[in-house]
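A short worksheet on the structure shown next.
What follows is calculated from the coordinates using simple rules that are stated; it is not laboratory data. None of the values given here were measured: they were computed from a predicted structure. Counting neighbours? That spans all protein chains shown, and the Cβs are built from the backbone with ideal geometry, glycine included.
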Amino acid sequence: MTRLFNDPAAFADEMTEGFVAANGRWVRHTSGGVVRSTATPPGTVAVVVGGGSGHYPAFAGLVGQGLASAAVIGNVFASPSAQQVTAVSKAADHGGGVLLAYGNYAGDCLNFDAAQERLRGAGIRVETVRVTDDIFSAPDAERHKRRGIAGDLVVFKVAGAAADEGMPLEVVSALANRANDRTRSMGVAFSGCTLPGAGTPLFTVPDGKMAIGLGIHGEPGFAEADLPTADELATLLVERLLTELPDGVVTASGARVAVLLNGLGSVKQEELFVVYRRVNHLLGAAGLTVVAPEVGELCTSFDMAGVSLTLTWLDDDLERLWTAPADTPAFHRGAIHSTVADTTETLSELAAELPQGSPASQAAAARVVAVLTAARDVVDANVDDLGRIDAVAGDGDHGIGMQRGIKAAVDAAADAQRRRAGAGTVLIEAADAWSDRAGGTSGALWGIALRRIGQALGDQDHPTPEVMAAAVRAARDGICDIGGAQLGDKTMVDVLIPLDESFAAAVADGASVTGAWGVAADAAERAAEATKNLLPRMGRARPHAEKSLGTPDAGAVSMSLIARTVHTVLSTPATTTGE
């Protein structure tokens, strides 16, 4: 288990601080992550990689000449926020545009896509490649749904080498996508991983068994098999990967492949070499030529005991870029001669002036802060349970993410209220803090919800029931439009839609804001309970849909808890006046 930490919520920040202190030769800190500390020629494409913490050397350990230009560092097993991606990309940009490269997970896609829009709005050219190498997370016909695991190293390496050769953004992007299209990985686990501060692993494997097809965020495997010998494991990995040839590869015999044998955290290097001995023999017997193999910890999952094998089917361009020199904290190849320091200074942003709200809106702002504070306390009380629910078919970080996000939202809201902002601005400040600090899918979606509500309320008038109904509908529309989930997908939307409809119907019948919230909270609790009977069709739980039957969705439960908290706060005598 993960033993060395202080405050689990501060783990990623403290890890980043120590990483930069130890690796100043290669990286320097910037808001949201790290960038190269060596100089980059003007006009060079910036390859910005990123994801959640817990996977070292992915992602920060791959920043350096010949590989990534920068890494965005999210919280533990949570995607970085759109604000982080935007800030790191701006710090890494040298005028040649930005390639965003990351694993294909719902939260990463949501936040990196939002950042891409912001960057393009700022006049920066941006392209994206999503790594989809995990063959067990979706069938070959639906490769766009697959997760990104250890194969991201090959994709990042090809992109970084192409960028450092001076290739334009469109060519770098095309080469990275070609590398991804030709990369396949699969993994097995012998035990699960434990997040900092957690008392139990995210999943367990019975003694004498291994899980096949695991994810790197603690997602359990798709099947179990008897614990193999090293040679038996090598045979399983190689034979399964050779059954799926990429487009354009007619036969395995005669092909040249990059090979990664990856340890996921607790398997020792010597054990990996024993397995690789057989992998190398089997690939040779199949007529393949192995090019610059890598054996070691390349993309980990804290203390998970497991192994993954990656094959990338090379062509001339991909082979040249895969074997090109690189120098990063965790990956070295060939000789890199330039070590000139980058003298660019990272500028800190000054706190923006906030518009002052009317007296009526300032009174409503005080209510907003009270609601958020109470919701924070409810999340704190339920954080372990939310994590347990999420771990059934997901990665178990929902409770921690909600806790980080709502704490940041309360702090930002209270600060805005002290500066005499109105309800709308208080909510918008809370929204930005929540999405930035929480990261992940839920962080982005709660940020959208609070921002839409704040925009609907404004800073001048005390919110009437009708205005509140419009605000809740705006939050629903924002989450559904941007998140893409629909009723029945087993997400927070399965609570949000009945909450919205119940609230609107109660207001139409003449209910007060407090009364309507009571009706809506009842509907939210019923809807959250009903998600037990749904199969997830989106997010990290989708590949393990059957495992989640009988367990409600964590995002749905947390939304229902907060809906009830809103009603409780509004029902107290101190907050009922002026409604």
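Some notes on this structure:
- Along its first, second and third principal axes, ordered by size, the range 181-221 spans 39, 25, 9 Å in Cα coordinates.
- Between LYS532 and ALA360, the contour length at 0.36 nm per residue exceeds the Cα-Cα span by 57.7 nm.
- From phi via Karplus (6.51, -1.76, 1.60), per-residue ³J(HN,Hα) for the range 150-155 in Hz, x at Gly/Pro: 5, x, 4, 4, 5, 4
- By other beta-carbon atoms within 10 Å, ranking GLU17, GLU224, GLU127 with the fewest at the front produces GLU17, GLU224, GLU127.
- Estimated vicinal HN-Hα couplings, Hz - the range 531-537 in sequence order (Karplus 6.51, -1.76, 1.60; Gly, Pro = x): 5, 4, 8, 9, 9, x, 10
- Dipole-positive endmost among ILE448, VAL27, TYR276 within the chain (Cβ charges, Cα centre): VAL27
- Relative contact order computed over the chain (Cα-Cα under 8 Å; 6+ residues apart), in percent: 13
- Partner lysines for LYS90 [C-alpha distance under 24 Å; skip if fewer than 8 residues away on the same chain]: LYS157
- The calculated FRET efficiency for GLU501 paired with ASP385, based on their beta-carbon distance and R0 = 30 Å, is about 0.65.
- Helical contribution to [θ] at 222 nm, DSSP H n ≥ 4, -39,500 (n - 2.57), averaged over the chain, rounded to 500: -15000 deg cm²/dmol
- Two-site FRET efficiency, HIS281 against HIS332, from Cβ-Cβ distance with R₀ of 30 Å, rounded to 0.05: 0.65
- Point-to-point label distance, GLU165-LYS145, nm (Cα→Cβ direction, 7 Å offset): 3.5
- Other residues whose C-beta falls under 14 angstrom from the C-beta of VAL557 contribute a net charge of -2, scoring Lys and Arg +1 and Asp and Glu -1.
- Binned Cα-Cα distances of the range 359-576, short to long, each 5 Å bin given as a whole percent: 1, 8, 15, 21, 22, 16, 9, 5, 2, 0, 0
- Residues whose placed amide H lies under 5 Å from that of VAL47, excluding near-sequence neighbours: SER69, ALA70, LEU99
- Rg to Rh, two decimals, where the range 114-188 supplies the alpha carbon set and Rh follows Kirkwood: 1.03
- Projecting the Cα atoms of GLY197, LEU354, THR2 onto the charge dipole of the chain, computed from C-beta unit charges around the Cα centre, puts LEU354 farthest toward the positive end.
- Sparse-neighbour loop sites [trypsin sites (Lys or Arg not before Pro); the range 11-44; at most 14 other C-beta within 10 Å; DSSP]: ARG25
- Dipole magnitude of the chain about its Cα centre (Cβ charges: Lys, Arg +1; Asp, Glu -1), debye to nearest 20: 300
- Residues with amide H under 5 Å from that of SER137, placed H, sequence gap 5 or more: ARG147
- Working from label points 7 Å from Cα in the Cα-to-Cβ sense, the GLN269 to ARG25 distance is 1.6 nm.
- All-pairs alpha carbon distance profile, the range 62-153, 10 Å steps from 0, percent: 16, 47, 30, 6
- In order along the range 173-187, the Karplus-derived 3J(HN,Hα) couplings, from 6.51 cos²θ - 1.76 cosθ + 1.60 at θ = phi - 60°, round to 4, 5, 5, 5, 5, 5, 4, 5, 4, 9, 10, 9, 9, 8, x Hz, and Gly and Pro are given as x.
- Counting only Cα atoms, the size of the range 484-531 along its three principal axes is 32, 20, 11 Å, in decreasing order.
- Kirkwood hydrodynamic radius computed over the chain comes to 24.6 Å, based on all pairs of distinct alpha carbons.
- Between ILE482 and GLU117, the distance separating the two model label sites (each 7 Å from Cα on the Cα→Cβ line) works out to 0.7 nm.
- For ALA528, net neighbour charge (Lys/Arg +1, Asp/Glu -1) across residues whose Cβ lies under 12 Å away: -1
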